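Here the structure comes first, spelled out in C-alpha cells, and everything after it is commentary.
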Protein chains: 4
Amino acid sequence: MELGMIGLGRMGANMAQRLQGGGIRVTGFDPGEQARAQVGAKGVAVVASLQALVQALPAPRVLWLMVPSKVVDATLEALLPLLSPGDVVVDGGNSWYRESQQRAGRCAAHQVDFVDCGTSGGVWGLQEGYCLMIGGEQAVVSGLSPLFQALAPAADRGWAHVGPVGAGHFSKMVHNGIEYGMMQAYAEGFALLEKKAEFALDLAQIAEVWRHGSVVRSWLLDLSADALRQNPALDGIAPYVEDSGEGRWTVSEAIDLDVPAPVITLSLLERLRSREDNSFTDRMLAAMRNEFGGHAIKRSDG
Amino acid sequence: MELGMIGLGRMGANMAQRLQGGGIRVTGFDPGEQARAQVGAKGVAVVASLQALVQALPAPRVLWLMVPSKVVDATLEALLPLLSPGDVVVDGGNSWYRESQQRAGRCAAHQVDFVDCGTSGGVWGLQEGYCLMIGGEQAVVSGLSPLFQALAPAADRGWAHVGPVGAGHFSKMVHNGIEYGMMQAYAEGFALLEKKAEFALDLAQIAEVWRHGSVVRSWLLDLSADALRQNPALDGIAPYVEDSGEGRWTVSEAIDLDVPAPVITLSLLERLRSREDNSFTDRMLAAMRNEFGGHAIKRSDG
Amino acid sequence: MELGMIGLGRMGANMAQRLQGGGIRVTGFDPGEQARAQVGAKGVAVVASLQALVQALPAPRVLWLMVPSKVVDATLEALLPLLSPGDVVVDGGNSWYRESQQRAGRCAAHQVDFVDCGTSGGVWGLQEGYCLMIGGEQAVVSGLSPLFQALAPAADRGWAHVGPVGAGHFSKMVHNGIEYGMMQAYAEGFALLEKKAEFALDLAQIAEVWRHGSVVRSWLLDLSADALRQNPALDGIAPYVEDSGEGRWTVSEAIDLDVPAPVITLSLLERLRSREDNSFTDRMLAAMRNEFGGHAIKRSDG
Amino acid sequence: MELGMIGLGRMGANMAQRLQGGGIRVTGFDPGEQARAQVGAKGVAVVASLQALVQALPAPRVLWLMVPSKVVDATLEALLPLLSPGDVVVDGGNSWYRESQQRAGRCAAHQVDFVDCGTSGGVWGLQEGYCLMIGGEQAVVSGLSPLFQALAPAADRGWAHVGPVGAGHFSKMVHNGIEYGMMQAYAEGFALLEKKAEFALDLAQIAEVWRHGSVVRSWLLDLSADALRQNPALDGIAPYVEDSGEGRWTVSEAIDLDVPAPVITLSLLERLRSREDNSFTDRMLAAMRNEFGGHAIKRSDG
C-alpha cells in the first residue's frame, strides 16, 4: 500500500518512518526544506510540492495530513483541486471534531473520502506504536487497515474504527481531557511528597516503586519516574504549563452536553493559572481583605 | 454594666470604644504598653495586668477575650485562677469551635461560665456595629445582653444566641467560609472584566453601578468599589492572599460532615496557590509534557 | 419620552410599568394575548403587532427588546424592515455580547442604532429599580438617558454607559457569573449549618443576624433569610438548579481570555450536577473500585 | 523466614498465601472462625488467639498487622504485652501516618520495633504482587527484606524503604490521593463519551484501544476496559462511591502543607456528592433563584 504524508514535523516524520518500516510505501511532503531533508535521510521518499506528491501516488490516492490544526483548512483548499474521485484524505492531527465533520463535507463535494484519526503516542510512537481512534465510513476505513496496522503497536490492537466521521477526533479530544486530569493528579501528589520535608522523600524512588504492582501504575507514571530520575528537584524547569486546544474543547463539550467534569475542567484552569503573571484576581482579594479587615497588603516590587 | 476587655489590638480596641459609647463601663488590658496607651487616649480605662483587671471589676465579673486564637489557652490559664465562681469569660475572637467547647469545660471546673461569640465586622464595626453569633447557656447569654446590644448595629438586630457553647464560633467559621467564596467570585469576575481589553472597561464604574439594584449588591461589593476607585489598576498590590484559620476549619468540617463544599474549598486552595513560588506541581506537569510529547520546557531563570 | 416595549413577560411587563411610572410613555407589544391583556390592565398602552407598535411611536423611535435570547434574531428580522433611519433598538435581555455586536452591524445596515443593556434586578426591579449596564455609542446612549433614569433605582445611580456595543451584555454576563459563585458559597455554607445536628441551628435566625454588620451581608442574603424564614427546612423543593446561558458564556469567555475562574466555573458545574440522574461518572467510579479492590457495589433499583 | 499474619480478611488472606508461596512460613490469626478456616484451607497454618500466634513464632518474632485502621490500636494493646524485646510489628494496612508515628513510640516502650508498610495492589496482589512503601529504621527494614521480596511483583522491584517510620503510610496516602484523581478523570471522560449520543460510541472498544500506545494507558484503564466489556451500560450499579480515609487525609495534609491540590480535593468532594440525597445546597440554590427571579421551583415528591 502507498501513502502520501503531508507534514513532516515531529509527529509526521516519525509516523512516516514507522509506516515505511511496516511495509507501507511512503512519499512525504512538507513546505520546509529542512523537514524534508531530515525525513529523506531516514530513507523516506520526499517531494517538494503538493502537486508532486499527488502525481507520485497511484490512484486511488491516500493522503495523510499531519499538520497543525490551524493549517488544515488551507492545506485542504490547496489539495482538493489536485485530487480525483475516490481518493482519501486522512486527518491524523489534533483537529476539533466539528471541523472534521465540516471538512468531510467539503471533501465529499470533490467525491473525496475523509477520515479523522485521533493519534496518541507522542514521541514514543515511532518505537512503541500509535494509538489510533478512527472516524469515517466503514468501507473507507476498512480499505485503510494496512496503514493502521502498521502504525499501531500491533496489527490487531491499538487502533479502532470508533464511529462516523468526527468520532475519531471526538474520542481523541476526550482522551486528552483525561490525560490533563491524570497529569494533574500525579503532579499534585508529587508536590505533596516534595513538600513533606520531615521525611526527605526520594521522589524518583517512590515513582519507581509505584510502577510495580500499585493501583496508580501507568505510562505517565513511567515517564514521571524517568523525569524525576534525571532531574530529582526539577531544577531549571519553569512552572509554566502550555495547553493545546483539546482540553478547552473537552471542557466546552462537557458543558454543552450537561456533563459535569470538574476534574478535567480544573486541570485546564490550573494550566491557565500557571501562566498568569501578577494575577488580578489575587490582587483584588488582597485589596478586599485590606478594605474590610485592615489586613496588611503585601506590596509588589513593580 | 461593666466589662473587662482583654486584648486591645485593632478589634479589641474598637470594641472597647463602641461598648463604652454604648453605656458599658469598660476596663481594658493588653500586655503591650502602646496598645494600652492608644486605647487609654480614647477614654477607656486601662490597667497593666490581669490581676489589676480582675480587681477593677465588680463581681460577678465579665471578661471579654479579644486575643489571637493561639494565645487564648495561655490567657485562660493565667486568668482562671484569678476568677471567682459566677464570673463569665467571653471569647470574642476567631477560635476553633471545638477548642471553645473544651475551654468551656475548663472554665466550668472553676465554676466560671464560658460564652463563645463569633464577631464579624472588621475595622468597620466601631462605626457600623458588629455582627455577633453567640454560643452558651441561655441564662448566661441573657445576662450579657446589654453588651451585645451595644456592640451590634442596633439593640434588636445583628446579634443572636444561636446555640450551646461552640455554636457561636461554629457559625462564625461557616460565615468566613462563605466570605471566602464570595470574595473569590467577585475577584474572578473583576479579573475577567479587566482582561477584556477590547472594551476598556472602567472597573470602578461597573462596581459602583452594580451596587444599585443588581443581584450581586453586597457590602463586599461596596468595599470593592471603594478599592477600585482609589486604585483602579490595583497597582502596587502583590497577588498574595493570606488566610486565617477559619477557611481551613470550614473545609475540614465540611469533609467531616460529608458535605461537599467545592466553592468554599476552592477559594481556600486559590489562596494557598497565590502564595506559591515556583510551584512543583506545575514543574512536574511541564516535565511530563516534555517526556511524552517532546514539548519544549520553559527554562526558569533560577 | 416615548418607548415601544417588545416582550411583555415577567421582566418586560414590570419594566413597562416602572417606565410609565417614571414619566415615560410606553406602548407595549407581545405576541401573546394574555401578556398584552395583563399589561394593559396596569395602564400601559398595548398593540397587537410590530407594525402597530412602530406606527404608534413618534420618530425617531425607541424600541426596547425584552424577549428570550433565542428569539432576538427573529424579532430583529421582523422589526428592521419597519424602522426608519435614526430609530434605536435597545436589547435589554440576556443576550450573548458577541451576538449583540453582530446585531449592531445588522441594524447599522438599516441606519438604525443599537444599544445593548444588561439588566439586573429580577422580580424586585419594578419596586426597587433595575441595575443597567449599557453598551453603545455615546450620543445614542445619552439620548436615551431619561429611560435609564426611570428604570434605575435612582436617576443618578444604578445605570452606566460602560462601553461600546457589546460591553453592556458582557458586563451583565460577568455579573451573572459572580452571582452563581456567590449563590453557591451561601448555599454551601447553609448546608454546612444544616448538617451540624449537634447544634440544632436555626438557619433563618443565622441568616437574619448575618444581615446586620457582618462581612457577608448582601441582597442575596436578604433573600436567603426570607426563603429560610418561610420554609426553614426547604421542604418540597427539589434539589434541581436550572442555569441560564450567562454562566456558560462566562466560563467559556474566561477560558478564551486565559483567566482561571475556578469558583464561577465550579458553580456552573454544580448546577449541571444537580440535574443529573444516575450519573455515569459515579457508576464508572463504583465499577472501578469493584475491579481493583473487590469493593462492594451498591446495586441500583433500576 | 517466619511471620505471623494478624487479620485474615481479603487483603491479609491473600498476602499470607503469596508469602507462603514465596517461601515464607506463615502462621495466621483472625478473631473470625470463618476467616481462619478459609485461609487454613489454602494451606496456611492458623491459630485461634494472639497468645497462640506469639507462641508459635520463633524469636525475634515478626507480626504483620493487616486489620482495619480503626482496630490497630486495640490490636496493639493486646499484642504488645505478649511480645519480647527485639520483636517487630509491621502495620501493612491503611493507617494514618501520624498514628503510625505514635504507635512506633508505644512499641519502642516495649523495645519492639515498628515498621509501617503502605500496601497497594488490591485483590490482584495475590497474583501480580503488591507494591510496598516502607517506613522504619534501616536495620529493621533490611532484616525484613525476604518478606518484601516475596510480596512484591519481583524481588528487586515494587518495594522500597522510603524513609523513617511514618513515611511508608504517608507515601501510600498520597498514592491513594492520586488514585482518586485518576479515577475521576477517567470516569468523567467515559461519561462524556457515553453522553455523546450522536456517535453511539462503544465505550469498551475505546477503553480497549486506549490500552495500546496511548498516553492514558494504565492499570486503572485495563480494569475500566474490563468493567465496560462485562457491563457496557454499567447497568444495575448505583451512582454511589465510597471513600476510605486516605483521600480525606491527603486533602487535609495538602492544606496543612499549603500545597494546593485541587484535583485530588475535588475528586474526594465528588465522592461525597455521589452519596448525597436531597442536597440542601441545591435546594437552597433553587430557593434563592425563586426569590430573586421568580424562577419556578421544581417540586420534590417527598
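The values are calculated or read from the model by the stated rules, or taken from the named source; none is laboratory data. What you see is a predicted model, and the numbers here were worked out from it, not measured in a lab. Please note: Cβ atoms are built from the backbone with ideal geometry, for glycine as well, and neighbour counts cover all protein chains shown. Surface accessibility is based on the protein's heavy atoms, side chains included, excluding ligands, DNA and RNA. Shrake-Rupley method; radii C 1.70, N 1.55, O 1.52, S 1.80 Å.
Rounded, prolate or oblate: which fits region A:174-299, taking a ≥ b ≥ c as square roots of the Cα gyration tensor eigenvalues, rounded meaning a/c under 1.5, else prolate when a/b beats b/c?
Values: a/c = 2.30, a/b = 1.25, b/c = 1.84.
Verdict is oblate for region A:174-299.
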Quiz item: What angle, in degrees between 0 and 90 and rounded to the nearest 10, separates the Cα long axis of helix C:167-195 from the longest principal axis of the Cα atoms of chain C?
Solution: 30 degrees
Quiz item: Given label points at 7 Å from Cα along Cα→Cβ, what nm distances, shortest first, separate A:G40 from the same residue in every other copy?
Solution: 8.1, 8.3, 9.3
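About the Cα centre, and with charges only on the beta carbon of Lys, Arg (+1) and Asp, Glu (-1), how big is the dipole of the protein assembly as shown? Nearest 20 debye, please. Provide the component values of the computation, followed by the final result.
Numbers: 100 positive and 136 negative charges, 0 e Å.
Charge dipole of the protein assembly as shown: 0 debye, to the nearest 20.
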Quiz item: Mind listing the phi-derived Karplus ³J(HN,Hα) values for region D:43-51, rounded to whole Hz, using 6.51, -1.76 and 1.60 with θ = phi - 60°, and x for any glycine or proline?
Solution: x, 9, 5, 10, 10, 9, 7, 4, 4
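With a 1.4 Å probe and all protein chains left in place, how much accessible area per residue does region D:167-217 have, in Å²?
Working: 920 Å² over 51 residues.
Computed with neighbouring chains in place, this is 18 Å² per residue.
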Self-check item: Two-site FRET efficiency, B:R157 against B:A48, from Cβ-Cβ distance with R₀ of 35 Å, rounded to 0.05
Solution: 0.40
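Within the set A:K195/B:K172; A:K196/C:K298; D:K70/D:K172; C:K195/D:K196; A:K70/C:K70, which residue pairs have Cα atoms separated by over 27 Å?
Numbers: A:K195/B:K172 31 Å; A:K196/C:K298 37 Å; D:K70/D:K172 17 Å; C:K195/D:K196 37 Å; A:K70/C:K70 31 Å.
The pairs that break the limit, which is 27 Å between Cα atoms, are A:K195/B:K172; A:K196/C:K298; C:K195/D:K196; A:K70/C:K70.
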Quiz prompt | chain B: angle of helix B:262-274 to the longest principal axis, Cα-based, in degrees nearest 10 | solution = 80 degrees
Quiz item: If ligands, DNA and RNA are left out, what is the accessible area of A:E194 with a 1.4 Å probe, given in Å² to the nearest 10?
Solution: 90 Å²
Self-check item: Number of partner chain Cβ atoms within 10 Å, mean per residue of C:248-255
Solution: 4
Quiz item: Once amide H atoms are built 1.01 Å from N in the peptide plane, which residues 5 or more positions from D:E137, or in another chain, come under 5 Å H to H?
Solution: D:V165
Exercise. Ignoring everything but the protein chains, give the 1.4 Å probe accessible area of A:E2 in square angstrom, nearest 10.
Key: 50 Å²
Self-check item: Residue of D:H169, D:H161, D:H110 that the Gaussian network model of chain D assigns the largest fluctuation, springs spanning Cα pairs under 10 Å
Solution: D:H110
Self-check item: Cβ-vector label at 7 Å, A:D277, separations to other copies in nm
Solution: 1.9, 5.1, 5.5
Quiz item: What does the helix-only formula give at 222 nm for chain B: each DSSP H stretch with n ≥ 4 adding -39500 (n - 2.57), the total divided by the residues, and the result rounded to the nearest 500 deg cm²/dmol?
Solution: -15000 deg cm²/dmol
Quiz item: What list of ³J(HN,Hα) couplings, whole Hz, do you get for region D:219-224 from phi and the Karplus terms 6.51, -1.76, 1.60, once you set θ to phi - 60° and write x for glycine and proline?
Solution: 6, 4, 5, 4, 5, 5
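What's the magnitude of the charge dipole for region D:2-164 around its Cα centre, counting Lys and Arg as +1 and Asp and Glu as -1 at the beta-carbon? Answer in Debye, nearest 20. Don't jump to the answer; show the numbers that get you there.
Details: 11 positive and 13 negative charges, 51 e Å.
Once rounded to the nearest 20, the dipole reads 240 debye.
What's the total accessible area buried between chains A and B, using a 1.4 Å probe, rounded to the nearest 100 Å²?
Heavy-atom accessible area buried at this interface is about 5500 Å².
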Quiz item: For the protein assembly as shown, what class follows from the C-alpha gyration tensor (a ≥ b ≥ c being the square roots of its eigenvalues): rounded when a/c is under 1.5, otherwise prolate if a/b is larger than b/c, else oblate?
Solution: oblate
Quiz item: Taking each residue of C:217-226 in turn, how many C-beta atoms of other protein chains fall within 10 Å of its C-beta, and what is the average?
Solution: 6
Quiz item: What residues qualify as long-range amide H neighbours of A:G294, i.e. H under 5 Å apart, gap of 5 or more or another chain, H built at 1.01 Å from N?
Solution: B:V123
Exercise. Can you tell me which of B:283-291, C:48-56 comes out highest on packing, and rank the rest after it, using the mean Cβ neighbours within 10 Å?
Key: B:283-291, C:48-56
Exercise. Using a Gaussian network model of chain A whose springs link C-alpha atoms within less than 10 Å, name the residue from A:G21, A:G247, A:G168 with the highest mean-square fluctuation.
Key: A:G21
Exercise. Put a label point 7 Å from Cα along the Cβ direction on C:R98, then list its distances to the equivalent points in the other copies in nm, shortest first.
Key: 0.9, 4.9, 4.9
Practice problem: Report the closest approach of any chain B C-beta to the axis of the B-to-C rotation: residue and distance, in whole angstrom. | Solution: B:S218, 2
Quiz item: So, with a 1.4 angstrom probe, what is the percent of accessible area on region D:172-278 that is carbon and sulfur?
Solution: 43 percent
Quiz item: For B:T265, what accessible area in Å² do you get when you roll a 1.4 Å probe over the heavy atoms of the protein chains, rounding to the nearest 10?
Solution: 0 Å²
Quiz item: Highest GNM mean-square fluctuation, chain B, Cα pairs closer than 10 Å: which of B:V90, B:V259, B:V72?
Solution: B:V259
Exercise. List every residue whose amide H lies under 5 Å from the amide H of D:Y130, counting only residues 5 or more places away in sequence or on a different chain, with H placed 1.01 Å from N in the peptide plane.
Key: D:A152
Self-check item: Percent RCO, i.e. relative contact order, over region B:2-164, from Cα pairs under 8 Å lying at least 6 residues apart
Solution: 20 percent
Quiz item: If one computes the Cα centroid of region A:97-139 and of region C:7-60, what distance in Å separates the two points?
Solution: 55 Å
Quiz item: For the Cα atoms of chain D, what angle does the longest principal axis make with the long axis of helix D:280-293, in degrees from 0 to 90, nearest 10?
Solution: 20 degrees
